[in-house]
(Lines give C-alpha, C1' and ligand atoms only; values in the text may rest on other atoms or scores of the structure.)
Protein backbone atom coordinates (compact mmCIF):
# COMPACT_ATOMS: atom_id res chain seq x y z
CA UNK A 1 0.00 0.00 0.00
CA UNK A 2 1.34 3.43 -0.93
CA UNK A 3 0.29 6.63 0.80
CA UNK A 4 1.33 10.08 -0.41
CA UNK A 5 2.87 12.21 2.33
CA UNK A 6 2.60 15.97 2.63
CA UNK A 7 5.87 17.74 1.95
CA UNK A 8 6.97 19.76 5.01
CA UNK A 9 10.28 21.55 5.44
CA UNK A 10 11.85 23.55 8.23
CA UNK A 11 13.40 27.03 7.97
CA UNK A 12 16.54 25.48 6.41
CA UNK A 13 14.61 23.62 3.71
CA UNK A 14 15.10 20.24 5.41
CA UNK A 15 12.23 17.79 4.88
CA UNK A 16 10.68 16.48 8.09
CA UNK A 17 7.91 14.06 9.00
CA UNK A 18 8.93 11.32 6.58
CA UNK A 19 11.43 9.54 8.88
CA UNK A 20 14.18 9.51 6.26
CA UNK A 21 17.23 10.39 8.38
CA UNK A 22 19.84 7.60 8.16
CA UNK A 23 17.80 5.78 5.52
CA UNK A 24 19.59 3.48 3.11
CA UNK A 25 19.23 4.28 -0.57
CA UNK A 26 17.70 1.08 -1.98
CA UNK A 27 16.73 2.12 -5.48
CA UNK A 28 17.73 4.88 -7.87
CA UNK A 29 15.84 5.00 -11.18
CA UNK A 30 16.35 7.88 -13.60
CA UNK A 31 14.57 8.29 -16.93
CA UNK A 32 16.01 11.04 -19.10
CA UNK A 33 13.28 10.51 -21.70
CA UNK A 34 10.54 11.03 -19.10
CA UNK A 35 12.43 13.64 -17.07
CA UNK A 36 11.80 11.63 -13.91
CA UNK A 37 13.77 10.32 -10.96
CA UNK A 38 12.51 7.78 -8.44
CA UNK A 39 14.45 7.10 -5.25
CA UNK A 40 13.43 4.44 -2.74
CA UNK A 41 14.74 4.57 0.80
CA UNK A 42 14.61 2.12 3.68
CA UNK A 43 14.66 3.70 7.12
CA UNK A 44 16.39 2.33 10.20
CA UNK A 45 13.03 0.94 11.34
CA UNK A 46 12.53 -0.85 8.01
CA UNK A 47 9.99 1.68 6.76
CA UNK A 48 10.16 2.35 3.01
CA UNK A 49 9.80 5.81 1.52
CA UNK A 50 9.63 6.67 -2.18
CA UNK A 51 10.65 10.08 -3.48
CA UNK A 52 9.36 10.85 -6.97
CA UNK A 53 10.77 13.86 -8.86
CA UNK A 54 9.20 14.86 -12.18
CA UNK A 55 9.96 17.51 -14.75
CA UNK A 56 13.71 17.30 -14.26
CA UNK A 57 15.42 20.49 -15.47
CA UNK A 58 18.94 19.76 -14.15
CA UNK A 59 20.37 16.79 -12.26
CA UNK A 60 23.75 15.98 -10.75
CA UNK A 61 24.58 12.70 -9.06
CA UNK A 62 28.00 12.99 -7.43
CA UNK A 63 30.03 10.05 -6.15
CA UNK A 64 27.01 7.84 -5.49
CA UNK A 65 28.03 4.53 -3.93
CA UNK A 66 26.09 1.38 -3.33
CA UNK A 67 24.96 1.30 0.28
CA UNK A 68 24.58 5.10 0.42
CA UNK A 69 23.10 6.41 3.68
CA UNK A 70 20.86 9.46 3.39
CA UNK A 71 21.25 12.12 6.03
CA UNK A 72 18.60 14.61 4.89
CA UNK A 73 16.62 15.90 1.94
CA UNK A 74 16.40 19.66 1.41
CA UNK A 75 13.84 21.34 -0.84
CA UNK A 76 13.37 25.00 -1.79
CA UNK A 77 11.64 26.92 -4.52
CA UNK A 78 14.48 27.91 -6.88
CA UNK A 79 13.74 31.57 -6.19
CA UNK A 80 13.95 31.09 -2.41
CA UNK A 81 17.22 29.21 -1.85
CA UNK A 82 19.12 31.01 0.94
CA UNK A 83 22.04 33.06 -0.43
CA UNK A 84 24.21 31.80 2.43
CA UNK A 85 24.02 28.29 0.96
CA UNK A 86 26.58 29.28 -1.67
CA UNK A 87 29.20 29.41 1.11
CA UNK A 88 28.62 25.75 2.01
CA UNK A 89 30.66 23.56 -0.37
CA UNK A 90 28.23 20.63 -0.37
CA UNK A 91 25.02 22.67 -0.53
CA UNK A 92 22.44 22.12 -3.26
CA UNK A 93 23.51 24.68 -5.89
CA UNK A 94 27.18 23.78 -5.39
CA UNK A 95 26.44 20.07 -5.80
CA UNK A 96 24.27 20.75 -8.85
CA UNK A 97 27.06 22.63 -10.63
CA UNK A 98 29.99 20.54 -9.39
CA UNK A 99 32.50 19.83 -12.17
CA UNK A 100 30.27 21.83 -14.55
CA UNK A 101 30.78 25.50 -13.80
CA UNK A 102 32.95 27.99 -11.96
CA UNK A 103 31.39 29.67 -8.94
CA UNK A 104 30.67 32.81 -10.99
CA UNK A 105 29.08 30.78 -13.79
CA UNK A 106 27.11 28.74 -11.25
CA UNK A 107 25.62 31.92 -9.76
CA UNK A 108 24.60 33.06 -13.25
CA UNK A 109 23.16 29.64 -14.14
CA UNK A 110 21.17 29.48 -10.89
CA UNK A 111 19.63 32.89 -11.63
CA UNK A 112 18.86 31.77 -15.18
CA UNK A 113 17.11 28.63 -13.88
CA UNK A 114 15.10 30.72 -11.39
CA UNK A 115 14.03 33.09 -14.20
CA UNK A 116 13.16 30.35 -16.69
CA UNK A 117 11.53 27.98 -14.17
CA UNK A 118 10.18 30.20 -11.35
CA UNK A 119 7.88 27.48 -9.97
CA UNK A 120 10.56 24.77 -9.97
CA UNK A 121 12.16 23.25 -6.89
CA UNK A 122 15.79 22.72 -5.98
CA UNK A 123 16.16 19.43 -4.12
CA UNK A 124 19.24 18.04 -2.45
CA UNK A 125 19.74 14.50 -1.18
CA UNK A 126 22.53 14.81 1.37
CA UNK A 127 24.25 11.54 2.16
CA UNK A 128 26.28 11.01 5.31
CA UNK A 129 27.89 8.12 3.43
CA UNK A 130 28.06 7.53 -0.29
CA UNK A 131 27.39 10.59 -2.42
CA UNK A 132 25.18 13.58 -3.10
CA UNK A 133 22.28 14.29 -5.45
CA UNK A 134 21.00 17.72 -6.49
CA UNK A 135 18.11 18.32 -8.82
CA UNK A 136 15.94 21.10 -10.21
CA UNK A 137 12.48 19.76 -10.97
CA UNK A 138 8.86 20.79 -11.36
CA UNK A 139 7.31 18.32 -8.93
CA UNK A 140 8.38 16.42 -5.82
CA UNK A 141 6.25 13.75 -4.16
CA UNK A 142 6.93 11.61 -1.10
CA UNK A 143 5.23 8.28 -0.51
CA UNK A 144 5.10 5.94 2.46
CA UNK A 145 5.32 2.45 1.02
CA UNK A 146 3.99 -0.16 3.40
CA UNK A 147 5.04 -3.63 2.47
CA UNK A 148 2.43 -6.30 2.70
CA UNK A 149 3.27 -8.88 5.27
CA UNK A 150 4.57 -12.02 3.55
CA UNK A 151 2.12 -14.08 5.61
CA UNK A 152 -0.75 -11.99 4.27
CA UNK A 153 0.46 -12.49 0.71
CA UNK A 154 0.70 -16.25 1.21
CA UNK A 155 -2.67 -16.36 2.96
CA UNK A 156 -4.49 -14.48 0.20
CA UNK A 157 -2.70 -16.51 -2.48
CA UNK A 158 -3.75 -19.82 -0.93
CA UNK A 159 -7.30 -18.71 -0.12
CA UNK A 160 -7.81 -18.03 -3.82
CA UNK A 161 -7.11 -21.72 -4.37
CA UNK A 162 -9.32 -23.02 -1.57
CA UNK A 163 -6.38 -23.86 0.71
CA UNK A 164 -6.02 -22.92 4.34
CA UNK A 165 -2.82 -22.13 6.18
CA UNK A 166 -2.70 -21.96 9.95
CA UNK A 167 0.06 -21.10 12.37
CA UNK A 168 -0.32 -24.53 13.98
CA UNK A 169 1.38 -27.40 12.18
CA UNK A 170 -0.55 -30.70 12.04
CA UNK A 171 0.18 -33.15 14.86
CA UNK A 172 1.12 -36.72 14.29
CA UNK A 173 -1.59 -39.03 15.62
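Is at least one residue of the stretch 125-139 modelled with pLDDT of 50 or more, at negative phi, part of a helix (DSSP H, G or I) and surrounded by fewer than 19 Cβ atoms within 10 Å (Cβ to Cβ)?
At the first step, the residues of the stretch 125-139 found to be modelled with pLDDT of 50 or more are 125-139.
Then drop every residue that is not at negative phi, which leaves 125-129, 132-139.
After this cut, where a residue has to be part of a helix (DSSP H, G or I) as well, the list is none.
No, the stretch 125-139 contains no residue that is modelled with pLDDT of 50 or more, at negative phi, part of a helix (DSSP H, G or I) and surrounded by fewer than 19 Cβ atoms within 10 Å (Cβ to Cβ).
Which condition number in (1) surrounded by fewer than 16 Cβ atoms within 10 Å (Cβ to Cβ); (2) closer than 20 Å to residue 139 by Cα; (3) over 14 Å from the mean Cα position of the chain (by Cα) is the one that residue 57 fails?
Exception for residue 57: condition (1).
Considering only residues that are under 25 Å from residue 63 (Cβ atoms) and buried (at least 16 other Cβ atoms within 10 Å of the Cβ), which ones fall in the stretch 1-23?
Of everything in the stretch 1-23, those that are under 25 Å from residue 63 (Cβ atoms) and buried (at least 16 other Cβ atoms within 10 Å of the Cβ) turn out to be 13, 14, 15, 18, 20, 21, 23.
Restricting the search to the stretch 82-113, which residues are surrounded by 19 or more Cβ atoms within 10 Å (Cβ to Cβ) and within 25 Å of residue 41 (Cα to Cα)?
Within the stretch 82-113, 91, 92, 93, 94, 95, 96, 97 qualify.
Looking at 36, 29 in this structure, which one is surrounded by fewer than 17 Cβ atoms within 10 Å (Cβ to Cβ), at pLDDT 95 or above and under 13 Å from residue 140 (Cα atoms)? Step through it out loud before you land on a result.
Values: 29 fails: under 13 Å from residue 140 (Cα atoms).
Answer to the selection: 36.
The values are calculated or read from the model by the stated rules, or taken from the named source; none is laboratory data. As the structure is a computational prediction, the values presented were derived from the model and not from experiment. Note: ideal-geometry Cβ built from the backbone for every residue, glycine included; neighbour counts use all protein chains shown.
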